[in-house]
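Following: one structure in structure tokens, then a few remarks.
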Amino acid sequence: MPTDPQTTSLQTHPIATLATARTPERHKLVSAADAVRLIRDGDTVATGGFVGVAFPEAIAVAIEQQFLASEEELGAGNGRPRDLTLVYAAGQGDGKERGLNHLGHVGLVKRVIGGHWGLVPKLGALAVTGQIEAYNFPRE
């Protein structure tokens with residue numbers, strides 16, 4: 001067993017476990033739910049797309065579902081994954097429920113670095129009330 005903290009951390013990370021798993025068939029594609037199970041508390045998540053075009057809606061929905069299900073199981077304020085940093089470059093949502101609005105739950109995100117907030121009112125509400133750190137780029 002290696003003693004280097006970086007090597008040890010990499011070996012225990014879920015992605016390392018998935019990468020070294022021995023299965024009869026190894027696929028590069030996994031379900032959204034399986035992909036989301038690899039996200040740990042405090043991780044940074046980056047998304048792409050613009051409005052609803054090329055946005056990974058299934059991933060956002062899976063993150064929300066996992067968070068809400070674990071809150072139901074563990075109690076309010078204990079959802080997982082939690083305290084994520086979210087990075088995105090353009091408005092990714094419909095101004096109501098879709099897109100990054102799925103991540104607009106207290107405790108799910110800790111910090112958001114975004115390029116446009118107009119289409120993500122749920123995250124915007126968390127920012128305005130000081131429940132998350134919020135950055136808008138470019139800032140003019």
Completion exercise
To the nearest Å², the heavy-atom accessible area per residue of segment 24-140 with 1.4 Å probe amounts to 58
Exercise for the section: Please turn the phi angles of segment 89-99 into ³J(HN,Hα) values with the Karplus equation 6.51 cos²θ - 1.76 cosθ + 1.60 (θ = phi - 60°), one per residue in order, whole Hz, x for glycine and proline. Expected result: 9, 8, x, 10, x, 10, x, 9, 10, 8, x
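Using a 1.4 Å probe on the protein heavy atoms, what percent of the accessible area of segment 38-98 belongs to carbon and sulfur?
Exposed carbon and sulfur together represent 56 percent of the surface.
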Problem - Distant-in-sequence amide H partners of residue 50 (H built 1.01 Å from N, under 5 Å) - result: 55
Practice task
Could you pull out every residue, at least 5 positions away or on a different chain, whose amide H is within less than 5 Å of the one on residue 134? Hs are placed 1.01 Å off N in the peptide plane, and Pro or chain starts have none.
Solution key: 112
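The values are calculated or read from the model by the stated rules, or taken from the named source; none is laboratory data. Remember, predicted model here, so these are calculated numbers, not experimental data. Ligands, DNA and RNA are stripped out before the accessible areas are found, and what is left, the full protein with its side chains, is counted by its heavy atoms. Shrake-Rupley method; radii C 1.70, N 1.55, O 1.52, S 1.80 Å.
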